[in-house]
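Only one structure is covered here, and it is reproduced in the block below.
The values are calculated or read from the model by the stated rules, or taken from the named source; none is laboratory data. Computed from a prediction, not measured in an experiment: that's the story for all the values here. Glycine gets a Cβ as well: all are built from the backbone with ideal geometry, and neighbour counts include every protein chain shown. Only protein heavy atoms, including side chains, enter the accessible area calculation; ligands, DNA and RNA are left aside. Shrake-Rupley method; radii C 1.70, N 1.55, O 1.52, S 1.80 Å.
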Amino acid sequence: MYEPRHTHADQLFFQSPVSRYSAIEPPEQHQDEPGLDADLVPQADLGEFSYRGTGRLEGRKALVTGGDSGIGAAVAIAFAREGADVAITYLPAEEVDAQKVAQLITDCGSRAVTIPGDLTNARFCQEVVDQAAAELAGLDILVNNAGKQVISRNLEDLSDEQVEQTYQTNIIAMFRTTRAALQHLPEGSTIINTTSVEAYQPAPILLDYASTKAAINNFSKGLAQQLAPKGIRVNAVAPGPIWTPIQPSDGQPPEELPEFGKSTALGRAGQPTEVAAAFVFLASPESSFVVGETLNVNGGMPTP
Ligand code: NAD
Ligand code: MG
């Protein structure tokens, strides 16, 4: 019924960014949190049929939080195609998405580790890092990507519980997993945090979410200065509107989904695989002089 939007042209194929993907018009839809890629209409492009590795992460060992779906899944697939072994974390309800990504990782000869659990739990933040490092026999890339985004139209209706859950998931867990990772990361390692265009252009219905994204930018720039002398680089990626299961699971008003992403300069939403290459660049040694940077991947939405 709904055509998948996948491209079979790889990310290095010369093509127009306007037409690489057609502008999607997702039908109104709703999923309970956390949403599943498996139930997304239309399906998103994670690069599973297209991303071509060029050996940029040969022998590296990566942990990607929220690596089951959306941007994190596209990053996990790209990392594996670039030669890395990859551990992914996700919520237990996302097992179906996680198993698909794990299969794609092993299909390219890399090791896949799947670790379900809740990052709002402080102990899990430590355990997930230790387990990834144990099963991968080391760790030299950390991608803090898991996130919670739930709309709320009025501050009067935004509960303390939601604000705390959003902060716990998006920024407090980032302090904890990064602190735990420092016990394992050797010199040369890279840390990449997922922020958002919402850090600069906060939507009035995403006050808790957008403010965590501004905090992630600031945290990344400060930590980058702390760790640079130790040979560990920290950077961030700020996606614009990307078609992922976070959107129909209360991340946007359902009636606005058909217009999702059309306000970008390219006139369309991005696909997860279009964000993945930014993470590959920041993870690999080719970006050795890029420190404390936020790389915007947003289809042309102006940022400071
Ligand atoms: P997604 O739903 O595919 O990924 C988010 C993941 O976060 C989920 O798969 C889930 O595994 C994880 N997660 C959520 N709560 C968790 C918890 N309590 N414990 C453990 N894991 C938890 O959606 P996505 O859009 O790919 O989101 C990935 C990141 O990209 C998020 O940080 C999001 O804020 C950011 N982002 C997305 C967009 C966009 O338009 N999709 C734009 C800017 C930034
Ligand atoms: Mg998911």
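Looking across 161, 198, one residue alone is surrounded by 16 or more Cβ atoms within 10 Å (Cβ to Cβ) and among the charged types (D, E, K, R). It is 198. How many residues, within region 63-83, are open to solvent by 10 Å² or more (accessible area, probe 1.4 Å), in a helix (DSSP H, G or I) and in contact with a strand residue (DSSP E or B) (Cβ under 9 Å, 6 or more places away or on another chain)? Of the residues in that region, 1 qualify. The number of residues in region 66-102 being of a type in the set (Asp, Glu), in contact with a helix residue (DSSP H, G or I) (Cβ under 7 Å, 6 or more places away or on another chain) and within 13 Å of ligand 1 (Cβ to nearest atom) comes to 2. For beta carbons closer than 6 Å, sequence separation of 6+ or different chains, a first residue in region 29-54 that is of a type in the set (A, V, I, L, M) and a second that is open to solvent by 20 Å² or more (accessible area, probe 1.4 Å) and within 12 Å of ligand 1 (Cβ to nearest atom), the qualifying pairs are 38/96. Applying the selection to region 84-93, what residues are in a loop (DSSP other than H, G, I, E, B) and open to solvent by 30 Å² or more (accessible area, probe 1.4 Å)? Within region 84-93, just 91 meets the criteria.
For region 257-276, a residue qualifies if it is surrounded by 18 or more Cβ atoms within 10 Å (Cβ to Cβ), more than 10 Å from ligand 1 (Cβ to nearest atom) and not in a loop (DSSP other than H, G, I, E, B), and the qualifying residues are 257, 273, 274, 276.
For region 215-223, state whether one or more residues are closer than 30 Å to residue 84 by Cβ, open to solvent by 50 Å² or more (accessible area, probe 1.4 Å) and not β-branched (Val, Ile, Thr).
Yes, some residue in region 215-223 is closer than 30 Å to residue 84 by Cβ, open to solvent by 50 Å² or more (accessible area, probe 1.4 Å) and not β-branched (Val, Ile, Thr).
As for region 104-115, it holds at least one residue that is under 15 Å from residue 46 (Cα atoms), within 16 Å of ligand 2 (Cβ to nearest atom) and part of a helix (DSSP H, G or I).
Answer yes or no as to whether residue 269 is over 24 Å from residue 290 (Cα atoms), in contact with a strand residue (DSSP E or B) (Cβ under 8 Å, 6 or more places away or on another chain) and hydrophobic (A, V, I, L, M, F, W, C). Please lay out each step first, then the result.
Numbers: over 24 Å from residue 290 (Cα atoms): yes; in contact with a strand residue (DSSP E or B) (Cβ under 8 Å, 6 or more places away or on another chain): yes; hydrophobic (A, V, I, L, M, F, W, C): yes.
So residue 269 fits the description; yes.
The single condition among (1) within 8 Å of ligand 1 (Cβ to nearest atom); (2) farther than 15 Å from residue 135 by Cβ that residue 57 does not satisfy is (1).
Of the residues making up region 4-13, one or more are more than 10 Å from ligand 1 (Cβ to nearest atom), among the aliphatic types (A, V, I, L, M) and in contact (Cβ under 8 Å) with a residue 24 or more places away in the chain. Inside region 32-50, residues that are surrounded by fewer than 21 Cβ atoms within 10 Å (Cβ to Cβ), more than 11 Å from ligand 1 (Cβ to nearest atom) and assigned to a loop (DSSP other than H, G, I, E, B) make up a count of 7. When the criteria are applied in full, residue 94 meets the requirement of being within 16 Å of ligand 2 (Cβ to nearest atom), modelled with pLDDT of 95 or more, over 18 Å from residue 179 (Cβ atoms) and touching a Pro at 6+ places or on another chain (Cβ under 7 Å). Here region 145-187 is the region considered, the condition is being of a type in the set (Val, Ile, Thr) and under 20 Å from residue 282 (Cβ atoms), and the residue that is nearest to ligand 2 (Cβ to nearest atom) is 177.
Screening residue 109 on (1) under 18 Å from residue 137 (Cα atoms); (2) open to solvent by less than 20 Å² (accessible area, probe 1.4 Å); (3) among the small types (Gly, Ala, Ser); (4) over 14 Å from the mean Cα position of the chain (by Cα) shows it passes everything except condition (2). Scanning region 175-187 for residues that are open to solvent by 10 Å² or more (accessible area, probe 1.4 Å) and either closer than 20 Å to residue 91 by Cβ or polar (S, T, N, Q) (or both) yields a total of 3.
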